[in-house]
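A quick write-up on the structure given underneath.
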Amino acid sequence: MSGILQGKVALVTGASSGIGEATARTLAAEGAKVAIAARRTDRLEALRAELEAGGATVLVLPLDVGDEQAVHAAVASTVETLGSLDILVNSAGLMLLGPVEGADTTDWTRMMDVNVLGLMYMTHAALPHLLRSRGTVVQISSIAARVVGRGSAAYNASKFAVNGFSEGLRQEVTERGVRVVMIEPGTVETELRDHITHAPSKAAIQERVTKIRQLQSADIAEAVRYAVTAPEHATVNEIFIRPTDQA
């Protein structure tokens, strides 16, 4: 398999569906070896079969990004099996909307464990390898890191944290050749909102999205491809992409 990423190794979290799955396809199509990580291994195996049929080299990593030891093991397995690590795409995420008053705070814990700590653990584990390869870390953030909405305070907090962490990291490593990219999608047609436990919030967002042409996961994967294939002297630090219809 040839392409602009021939010889590169990418690790993509949240690869069992949505943006992560589409990103794995896109990077593999550009010639990268891909390690695909998520909890739903049956979906990962199906994706591996598809990509290998197209000539890609694929490693399946069963992974809960909130488990720091498992994260370090996954990164180590990627480097040992595929030879290096050049691109990390942190796509694993949860969106559990609802008001602060009366909230089920276990939703907050779940989101912070995945959206913030999981992303931080992955970045921390991958960083020594990315420094060696002068690689790229891509953080899938959200419009929620820019636009605060009623009923999404905790989700907003998690995505503001992602952006703050990522900008701090960028300042630490940019002069050492590591590129840090934040991609902030608006409404994307994925399974993300299926996990919402607060029924009124789930109903409200389901109603809103019927009124617009949503982004597709492939649109965000294309933004990732653009960022990671930029010339080495140029960093696309931030991409804010939303549906044309989204106010």
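Things to note:
- Which listed residue is touching a Lys or Arg at 6+ places or on another chain (Cβ under 6 Å), crowded, with 18+ Cβ neighbours inside 10 Å and of a type outside the set (A, V, I, L, M), from Ser158, Ser217, Ser166, Ser142: Ser142
- Matching option when the condition is part of a loop (DSSP other than H, G, I, E, B), of a type in the set (A, V, I, L, M) and either touching a residue at least 40 places away in the same chain (Cβ under 8 Å) or buried (at least 18 other Cβ atoms within 10 Å of the Cβ) (or both), among Val180, Val236: Val236
- Matching residues, segment 1-41, being over 18 Å from Gly55 (Cα atoms), over 11 Å from the mean Cα position of the chain (by Cα) and of a type in the set (Val, Ile, Thr): Thr41
- Residue in segment 88-98 that is within 19 Å of Ala161 (Cβ to Cβ), free of Cβ contacts under 8 Å to residues at least 60 places away in the same chain and under 14 Å from the mean Cα position of the chain (by Cα) present: no
- Which listed residue is assigned to a loop (DSSP other than H, G, I, E, B), of a type outside the set (Val, Ile, Thr) and at pLDDT 95 or above, from Ser2, Ser16: Ser16
The values are calculated or read from the model by the stated rules, or taken from the named source; none is laboratory data. On a predicted model such as this, the values are computed, not experimentally measured, just so you know. Here Cβ is always computed from backbone atoms with ideal geometry, including for glycine, and neighbour counts include all displayed protein chains.
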